[in-house]
1. Between residue 56 and residues 5 or more places away or on another chain, which pairs have amide H atoms under 5 Å apart, with H built 1.01 Å from N, and which residues are they?
2. Can you list residues whose amide H is under 5 Å from residue 68's amide H, if they're 5+ apart or on another chain and H is modeled 1.01 Å from N?
3. From the phi angles alone, apply the Karplus equation (6.51, -1.76, 1.60; θ = phi - 60°) to region 54-70 and give each ³J(HN,Hα) in whole Hz, x where the residue is Gly or Pro.
4. Among 39, 60, 32, what's the order by accessible area (1.4 angstrom probe), most exposed first?
5. Between residue 60 and residue 34, what is the spin-label point distance in nm, taking each point 7 Å from the Cα along the Cα→C-beta axis?
6. What does the C-alpha gyration tensor say about the overall shape of region 23-73? Classify as rounded when a/c is under 1.5, otherwise prolate if a/b is larger than b/c, or oblate.
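The values are calculated or read from the model by the stated rules, or taken from the named source; none is laboratory data. Source: prediction; values computed, not measured. Glycine also receives a Cβ, built like all others from the backbone with ideal geometry; neighbour counts cover every protein chain displayed. For the accessible areas, the whole protein counts, side chains as well, though only heavy atoms, and no ligand, DNA or RNA atoms are used. Shrake-Rupley method; radii C 1.70, N 1.55, O 1.52, S 1.80 Å.
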Amino acid sequence: MNSARLLAIGLVALATSACAQTLTAEPGPGTLASGAKVLVDDGTCPEGQIKQVTGGNNALGISRRRECVARSS
């Protein structure tokens, strides 16, 4: 039973990571949920890196965050 649970958890984790989408431009204002992360390949980061954008919340005074992170293979 434990191995079946571990397999199920692993499959959910794999499916979640497979759903990650790389965009060519940042989502417009109000379209990225607070704390949600997307990868944006718009050429602004150095070679071997990609921009990761984390949604903010204007009502709480939390700005959208942008950072360059290593590309995963």
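1. The answer is 35, 64, 65.
2. Long-range HN contacts for residue 68: 52.
3. 10, x, x, 8, 4, 4, 9, x, 9, 7, 5, 10, 10, 8, 8, 10, 5
4. On the way: 39 55, 60 125, 32 25 Å².
Ranked list, largest accessible area first: 60, 39, 32.
5. That separation, rounded to one decimal, is 0.4 nm.
6. Numbers: a/c = 2.54, a/b = 2.12, b/c = 1.20.
Judged from the Cα gyration tensor, region 23-73 comes out prolate (a/c at least 1.5, a/b above b/c).
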